[in-house]
1. Along the Cα-to-C-beta direction of residue 160, a point sits 7 Å from the Cα; which residues of segment 312-334 have their amide N less than 15 Å from that point?
2. If every alpha-carbon in segment 16-103 counts as one equal scatterer, what log10 I(q)/I(0) does Debye give at q = 0.11, 0.26 1/Å?
3. I need the calculated FRET efficiency for the pair residue 298 and residue 261, taking r as the beta carbon distance and R₀ as 22 Å, to the nearest 0.05.
4. Give me log10 I(q)/I(0) at q = 0.10 Å⁻¹ for segment 15-323, Debye formula, one equal scatterer per alpha-carbon, no solvent.
5. Over the C-alpha atoms of segment 22-160, what are the Rg and the largest Cα-to-Cα span, Dmax, in Å?
6. Between residue 31 and residue 52, what length comes free when the chain is fully extended (0.36 nm per residue of separation minus the Cα-Cα distance, one decimal in nm)?
7. Distance in nm between label sites at residue 3 and residue 313, each 7 Å beyond Cα in the beta-carbon direction?
8. How many percent of Cα pairs in segment 211-330 exceed 20 Å?
Ligand code: ADE
Ligand code: ZN
């Protein structure tokens, strides 16, 4: 039976560090001689009651301590790709946070080569094409982002674009104008988290100052009708993460999520999992949950799947995008 959540889709907003399941975290901790501040996986899971973005980031950064070697990063990414493939993902654009690792003494090359090893065999092993997007931590100084971009120069053949993540409030996109200019000069694509907790003005800044091609989250765009008009007119993709928004208390319950209203407004909305090990589901689970909570129609689901491929960083001259879209169109529900 073809389940709606198995629709062929692209995942465009996924932090690889956020796919670290408790079981793998403890296995890597044992392998690397790292002591976690939790007795076992049950105690760790009980810590996943977040009050906001920062309370989540505290746990997320603490758990990165178990990731030390190329093998660790390769294993993490391979486990994600297997899960994603099982939920209909055909193409994944994967964020990573170099500064979360270099700050702990793990070289950038270890991170990129480890992830790259899993990504290199992803099409063959899992049938999932991939891109890697390097995120800067916006709650760190802009100079640190520029140093990270410099350090990435030997690995640019593996990196499709740059992003901006971590604690949003008080860290507007404009802080990173120079580093985004430098990234563009290196031929990198540009995205940024904006409007997750921050105001609609941060979404405008991401577009106007950083020149981003997609907005990650963009949840709070709905507070600004002129901004919505602009996003619709310019077909700017939004990579929404509804389960994340509930877990981090940006919306109270999934039934209140603006996803359906965004689709009805003509926004190029996509559905993604953000940090699935922490937020209760991978992207197929997310499709299932929003379908139930928001009474999405089969047309809505197909639109979300089509949007994900339209918004993907696939070259227009390669046949993949057309092939994936044809797969969505040929999909029969039920
Ligand atoms: N890093 C990992 N997940 C994040 C999120 N949802 N927002 C900002 N930074 C993040
Ligand atoms: Zn995110």
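Every read-out reported here was derived from the displayed coordinates using simple, explicitly stated rules and does not represent laboratory data. What you see is a predicted model, and the numbers here were worked out from it, not measured in a lab. All Cβ positions, glycine included, derive from the backbone under ideal geometry; neighbour counts span all protein chains shown.
1. In segment 312-334, the label zone of residue 160 (backbone N under 15 Å from the point 7 Å along Cα→Cβ) covers 312-325.
2. The Debye formula, applied to the Cα set alone, gives -0.32, -1.43.
3. Details: r = 19 Å, r/R0 = 0.84.
It comes to 0.75.
4. -0.52
5. For segment 22-160, the Cα-based Rg and Dmax read 15.5, 41 Å.
6. Numbers: separation 21, 0.36 × 21 = 7.56 nm, distance 3.16 nm.
The residue 31-residue 52 span can extend by a further 4.4 nm.
7. So the two model labels end up 3.1 nm from each other.
8. Working: 3012 of 7140 pairs.
Result for the distance tail: 42 percent.
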